[in-house]
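**Q** The following block contains the structure, expressed as structure tokens.
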Amino acid sequence: MNLIILSRNAALYSTNSIFTAARRRGHDVLILDHMLCELHVGPKGLELYYLDQPVGGAHAVIPRIGASATSYGAAVIRQFELKGIYTSLSASALMRSRDKFHCLQILAANGIPVPLTAMQHHYQEPGPMLDRLDQEKSVIKLLASTQGAGVVLSDSRLNAESVIEAFQKTRNKVLVQEYIAESKGSDVRIFVVNGEVVATMKRTAAEGDFRSNFHRGGSTETVKITDDERKHALRACKVLGLEIAGVDVLRSDQGPMIIEVNASPGLEGIETTTGIDISEKIIQYIERKMQKRNRGF
């Protein structure tokens, strides 16, 4: 099978892990930087060029699209999709999940528990919104935040208003979310492949921080998830249209709450923590998917 991995950097742990697993299973693999792909539409149909060379012959595409490249990354994925090439992440699912508020809207509309969250346009005064939230502490997030960057814990209503106004002056969209104190700076990452939970870990923030991200120095450990956590994670992936995803869950007094669903989840933290070769499971899934397509299912 000829595979293409869309990634900005071939040396990234996740990209290299998937590449190695695919090669180990006998596949030909090409890594393309999606930001260097050139897209054409017209009388000849849909064409794609990479470094001035036409790209063809791919059986499947594995997108690894970072937050800074979402829009163009989705356009590249869509070009492959419309050419009839299977991609493990669709353009529409990427866009639904990458916009944090859009993601929460879909989850909440489908009865999946999420923290109380609000958003407003940058020209509005934040005071009335904060009054309706009625939270002493709150988490303020840039809509495009990733790996904990652009995420602030506010310990008072006055502080929250100041932070929001500062973000608004830069014309950034922000979310304001209730702070789940009982989670104690930790969350659970649930890794899903094709409707199956393949790995789970607990992430805990470094001392003095509340953001549990692995790349911000947080610690990780294996963890057993509850039936409700499993159920909500799998349903979240289903309603968002994600075949491969990392679902982040907070453990609250009201039960598990999903705070984010990552369409291009990192593999380093969870593979090294659990010892599970998730990349192998991803390639095996794509093999099964292609076998079904070839049989006409």
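The values are calculated or read from the model by the stated rules, or taken from the named source; none is laboratory data. Note that this is a predicted model, so its numbers are computed, not measured. With ideal geometry, Cβ positions are generated from the backbone for all residues, glycine too; neighbour counts draw on all protein chains shown. These accessible areas exclude ligands, DNA and RNA; they are computed on the full protein's heavy atoms, side chains included. Shrake-Rupley method; radii C 1.70, N 1.55, O 1.52, S 1.80 Å.
**Q** Does residue 3 satisfy being buried (at least 17 other Cβ atoms within 10 Å of the Cβ) and touching a strand residue (DSSP E or B) at 6+ places or on another chain (Cβ under 7 Å)?
**A** yes
The rows are residues; the columns are (1) surrounded by fewer than 21 Cβ atoms within 10 Å (Cβ to Cβ); (2) modelled with pLDDT under 95; (3) charged (D, E, K, R).
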position: 177; (1), (2), (3): no, yes, no
position: 188; (1), (2), (3): no, no, no
position: 201; (1), (2), (3): no, no, no
position: 207; (1), (2), (3): yes, yes, yes
position: 211; (1), (2), (3): no, yes, yes
position: 224; (1), (2), (3): yes, no, yes
position: 237; (1), (2), (3): no, no, no
position: 241; (1), (2), (3): yes, no, no
position: 258; (1), (2), (3): no, no, no
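**Q** Please count how many residues of the range 146-167 are open to solvent by 20 Å² or more (accessible area, probe 1.4 Å), assigned to a helix (DSSP H, G or I) and within 30 Å of residue 65 (Cβ to Cβ).
**A** 3
**Q** Here is a further query. Got a number for residues in the range 267-276 being open to solvent by 40 Å² or more (accessible area, probe 1.4 Å) and within 21 Å of residue 234 (Cβ to Cβ)?
**A** Residues meeting the conditions: 1.
**Q** Moving on. Just to be sure I understand, how many residues within the range 85-121 are open to solvent by less than 50 Å² (accessible area, probe 1.4 Å) and part of a loop (DSSP other than H, G, I, E, B)?
**A** The qualifying residues number 9.
**Q** Which residue, of 130, 158, is in contact with a Lys or Arg (Cβ under 6 Å, 6 or more places away or on another chain), among the aliphatic types (A, V, I, L, M) and over 30 Å from residue 287 (Cα atoms)?
**A** Sole residue among the options that is in contact with a Lys or Arg (Cβ under 6 Å, 6 or more places away or on another chain), among the aliphatic types (A, V, I, L, M) and over 30 Å from residue 287 (Cα atoms): 130.
**Q** Among the residues of the range 36-84, count how many are in a helix (DSSP H, G or I), open to solvent by 30 Å² or more (accessible area, probe 1.4 Å) and more than 21 Å from residue 294 (Cβ to Cβ).
**A** 6
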